[in-house]
Amino acid sequence: MSVSERPIVTRIAPSPTGSMHIGTARTALFNWLYAKHTGGRFLLRIEDTDRERSTESAVQVILDGLAWLGLEADAPAVFQYAQAERHREVVDELLLRGRAYRCWMTVEELAAEREIARAAGRAIRSPWRDQAAPSGVNLPHVVRFKGPIEGETLVNDLVKGPVLFQNRDLDDLVLLRSDGAPTYNLAVVVDDHDMGITHVIRGDDHLNNAARQTLIYQAMDWELPAFGHLPLIHGPDGAKLSKRHGAQAVGEFADMGYLPEAMRNYLARLGWGHGDDELFSDEQAIAWFDVKDVVKAPARLDWAKIAHVNNHYIRLADDGRLADLVIDAMAREGDVIAEGVRDRLIAVIPFVKEGAKTVLELRDLCRFAVAERPIVLNDKSVSLLAPETRERLLRLATRLADETIWTPPSLTVALRAFAESEGVGMGKFGPALRAVLSGGLPAPDLAGALSALGRDESLGRMDDALSRVE
Ligand code: GLU
């Protein structure tokens with residue numbers, strides 16, 4: 001079966017050398033969407049051949065990042081280093097086919113050739129390409145690919161369109177190092193072939209590699225996958241995304257309180273889109289997504305947009321789930337989570353979540369409700385409690401204690417009726433009530449704050465403040 005007839009298999013192939021970059025997350029998403037769109041499979045390969053830079057913890061960061069994003073692979077991860085024997089077998093086959101050769105150039109010879117090649121504007125060539133082995137074959141050597149020197153190699157990229165490479169510009173890349181370690185371009189080709197990958201969708205920093213990899217496929221008479229190279233993600237100012245633009249790692253976005261479904265929605269819009277649709281479900285993205293619709297220009301991260309999308313999903317999210325996320329955020333900062341906090345959060349979240357762009361903002365909007373009695377009043381709050389106002393609030397407390405229905409509409413009515421009975425506007429006691437309920441922390445409107453706190457807590461806080469001796 002040719003690639004076009006086989007069920008589609010996509011993959012991401014991150015190197016476990018640090019955090020999981022937002023670009024890797026977007027690459028994973030596009031591969032996942034395309035696999036789902038076509039009823040195919042999405043696979044994960046951990047490219048851990050660089051033994052010095054690869055770490056166990058970085059592998060875990062990738063697995064956790066994908067799990068958090070909801071982009072789990074359809075099969076257990078393949079570890080590239082574990083396939084090294086297989087990579088060497090393929091090199092033997094290339095040697096047999098006359099498509100690879102052993103090269104005994106010394107470090108000095110290579111450096112000299114590099115200079116000459118640079119000056120002549122051509123790719124480096126090894127004298128061993130067309131020479132028999134030297135005597136004393138045990139000398140250290142690498143194995144190089146024997147690429148064509150003439151002609152062109154076409155990468156028919158799904159995103160970039162046809163890209164032509166002159167073969168003379170491609171040097172004979174090293175396939176096996178002198179210690180027998182397979183190199184990156186060889187390993188990628190062998191693994192993608194063995195995993196049955198039909199579509200290689202990755203960052204466009206790998207476009208040049210696609211030409212080299214194409215030559216290896218051809219030398220092995222393997223069928224080529226389709227390539228799709230995604231433009232990078234840039235910062236809001238159009239420069240390459242870097243630390244100064246803010247968060248870059250998936251874990252940072254998670255800690256800042258972006259929801260995974262918001263990330264999927266937002267990242268899908270980075271370089272791809274469906275008309276002007278800003279907010280869409282996974283099902284819609286899966287139905288609509290096609291690699292060939294990815295745009296060629298780099299996408300820019302837009303913090304206002306990501307906040308808007310996240311706010312949308314926070315509003316849709318289950319309050320219990322949000323409460324757990326707020327508790328996690330509090331615990332990460334070392335807050336002791338008292339008993340009953342989760343219930344209080346669930347009570348307050350519906351009143352404040354509209355205003356939250358992240359879980360951290362949600363946490364801040366909930367702080368007034370989880371504070372333990374007696375709550376601390378900031379100076380401004382205390383200054384609002386003039387004797388006359390205290391008297392009025394005491395009368396209000398008595399009145400509220402009689403309220404049988406503790407909901408925003410009935411509390412709004414009760415507050416208005418109280419103002420009327422006092423012959424004053426709400427401004428005469430509203431700010432003070434708010435201060436007493438929140439201590440000066442951000443809080444929803446009065447009826448919302450009273451509702452969120454519940455009757456006992458609200459009346460308790462009023463009592464605490466009004467019985468304070470100044
Ligand atoms: N391991 C490569 C990287 O982390 C990706 C290779 C590929 O997708 O072919 O950039």
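Looking at (1) surrounded by fewer than 23 Cβ atoms within 10 Å (Cβ to Cβ); (2) assigned to a helix (DSSP H, G or I), which one does residue 210 not meet, given that it meets all the others?
(1)
Based on what the data block shows, is residue 231 touching an Asp or Glu at 6+ places or on another chain (Cβ under 7 Å), over 30 Å from residue 321 (Cβ atoms) and more than 14 Å from the ligand (Cβ to nearest atom)?
Criteria met by residue 231.
Give just the number: which of (1) in contact (Cβ under 8 Å) with a residue 60 or more places away in the chain; (2) closer than 16 Å to residue 142 by Cα; (3) of a type in the set (S, T, N, Q) does residue 80 not satisfy?
Every condition holds for residue 80 apart from (2).
Could we say that residue 179 is in a loop (DSSP other than H, G, I, E, B) and either over 20 Å from the mean Cα position of the chain (by Cα) or free of Cβ contacts under 8 Å to residues at least 24 places away in the same chain (or both) here? Working first, answer last.
Numbers: in a loop (DSSP other than H, G, I, E, B): yes; either over 20 Å from the mean Cα position of the chain (by Cα) or free of Cβ contacts under 8 Å to residues at least 24 places away in the same chain (or both): yes.
Spelling it out, residue 179 is indeed in a loop (DSSP other than H, G, I, E, B) and either over 20 Å from the mean Cα position of the chain (by Cα) or free of Cβ contacts under 8 Å to residues at least 24 places away in the same chain (or both).
In region 111-139, what residues are in contact with a Phe, Trp or Tyr (Cβ under 8 Å, 6 or more places away or on another chain) and under 22 Å from residue 185 (Cα atoms)?
Once the filter is applied, which keeps residues that are in contact with a Phe, Trp or Tyr (Cβ under 8 Å, 6 or more places away or on another chain) and under 22 Å from residue 185 (Cα atoms), region 111-139 yields 126, 128, 129.
If you scan region 134-176, which residues turn out to be in a strand (DSSP E or B) and surrounded by fewer than 11 Cβ atoms within 10 Å (Cβ to Cβ)? Outline the logic, then answer.
Step one: of region 134-176, the residues in a strand (DSSP E or B) are 142-145, 152-157, 161-166, 174-176.
If the condition is that a residue be in a strand (DSSP E or B) and surrounded by fewer than 11 Cβ atoms within 10 Å (Cβ to Cβ), then 161, 162, 164 are the ones that fit.
Quick one: is residue 398 under 26 Å from residue 365 (Cα atoms), free of Cβ contacts under 8 Å to residues at least 40 places away in the same chain and hydroxyl-bearing (Ser, Thr, Tyr)?
Answer is no for this residue.
Do we find that residue 345 is of a type outside the set (Ser, Thr, Tyr), over 15 Å from residue 454 (Cβ atoms) and at pLDDT 95 or above in this structure? Spell out the reasoning first.
Details: of a type outside the set (Ser, Thr, Tyr): yes; over 15 Å from residue 454 (Cβ atoms): no; at pLDDT 95 or above: yes.
The answer is no for residue 345.
Can you pull out every residue in region 1-29 that is of a type in the set (Gly, Ala, Ser) and within 10 Å of the ligand (Cβ to nearest atom)? Give the steps one after another, and end with the answer.
Looking only at region 1-29, we keep the residues that are of a type in the set (Gly, Ala, Ser), and these are 2, 4, 13, 15, 18-19, 23, 25, 28.
Selection gives 13, 15, 23.
Within region 375-390, is even one residue in contact with a Phe, Trp or Tyr (Cβ under 8 Å, 6 or more places away or on another chain), among the polar types (S, T, N, Q), touching a residue at least 40 places away in the same chain (Cβ under 8 Å) and within 30 Å of residue 253 (Cβ to Cβ)?
Looking for residues that are in contact with a Phe, Trp or Tyr (Cβ under 8 Å, 6 or more places away or on another chain), among the polar types (S, T, N, Q), touching a residue at least 40 places away in the same chain (Cβ under 8 Å) and within 30 Å of residue 253 (Cβ to Cβ), one finds none in region 375-390, hence no.
Name the single residue that is nearest to the ligand (Cβ to nearest atom) among those in region 30-54 being modelled with pLDDT under 95 and hydroxyl-bearing (Ser, Thr, Tyr).
Here the residue is 49.
Restricting attention to region 337-356, which residues are crowded, with 21+ Cβ neighbours inside 10 Å and within 11 Å of residue 315 (Cα to Cα)?
349, 351, 352, 356 - these are the residues of region 337-356 that are crowded, with 21+ Cβ neighbours inside 10 Å and within 11 Å of residue 315 (Cα to Cα).
What is the one condition in (1) over 43 Å from the mean Cα position of the chain (by Cα); (2) closer than 30 Å to residue 339 by Cα; (3) surrounded by fewer than 18 Cβ atoms within 10 Å (Cβ to Cβ); (4) modelled with pLDDT of 95 or more that residue 420 does not satisfy?
(2)
What number goes with the only condition from (1) at pLDDT below 95; (2) within 16 Å of the ligand (Cβ to nearest atom) that residue 171 does not pass?
For residue 171, the failing item is (2).
Applying the selection to region 441-457, what residues are within 15 Å of residue 412 (Cβ to Cβ) and assigned to a loop (DSSP other than H, G, I, E, B)?
444, 445
Could you list, ordered by first residue, the pairs with Cβ atoms under 9 Å in which the first is in region 297-319 and closer than 26 Å to residue 158 by Cβ and touching a residue at least 60 places away in the same chain (Cβ under 8 Å) and the second is part of a helix (DSSP H, G or I) and charged (D, E, K, R), at least 6 apart or interchain?
Sorted first by the residue in region 297-319, then by its partner, the pairs are 298/204; 299/26.
For region 26-58, which positions are surrounded by fewer than 18 Cβ atoms within 10 Å (Cβ to Cβ) and not hydroxyl-bearing (Ser, Thr, Tyr)?
Residues satisfying the conditions are 37, 39, 50, 51, 52, 53, 56.
The rows are residues; the columns are (1) within 23 Å of residue 62 (Cα to Cα); (2) modelled with pLDDT under 95; (3) assigned to a loop (DSSP other than H, G, I, E, B).
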| residue | (1), (2), (3) |
| --- | --- |
| 236 | no, yes, yes |
| 258 | yes, no, yes |
| 264 | yes, no, no |
| 287 | no, no, no |
| 308 | no, no, no |
| 311 | no, no, no |
| 314 | no, no, no |
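For the list (1) within 15 Å of the ligand (Cβ to nearest atom); (2) assigned to a strand (DSSP E or B); (3) more than 24 Å from residue 247 (Cβ to Cβ), I need the number of the one condition that residue 101 fails.
Of everything listed in (1) within 15 Å of the ligand (Cβ to nearest atom); (2) assigned to a strand (DSSP E or B); (3) more than 24 Å from residue 247 (Cβ to Cβ), residue 101 misses just condition (1).
Looking only at region 192-228, filter to residues that are within 9 Å of the ligand (Cβ to nearest atom) and of a type outside the set (Val, Ile, Thr); which one of those is nearest to residue 148 (Cα to Cα)?
Result: 213.
Keeping to region 5-33, report how many residues are of a type outside the set (D, E, K, R) and assigned to a loop (DSSP other than H, G, I, E, B).
10
Confirm whether residue 331 is surrounded by fewer than 21 Cβ atoms within 10 Å (Cβ to Cβ), part of a helix (DSSP H, G or I) and hydrophobic (A, V, I, L, M, F, W, C).
Spelling it out, residue 331 is indeed surrounded by fewer than 21 Cβ atoms within 10 Å (Cβ to Cβ), part of a helix (DSSP H, G or I) and hydrophobic (A, V, I, L, M, F, W, C).
The values are calculated or read from the model by the stated rules, or taken from the named source; none is laboratory data. Note that the coordinates shown come from a computational prediction; the quantities given were computed from them, not determined experimentally. Counting neighbours? That spans all protein chains shown, and the Cβs are built from the backbone with ideal geometry, glycine included.
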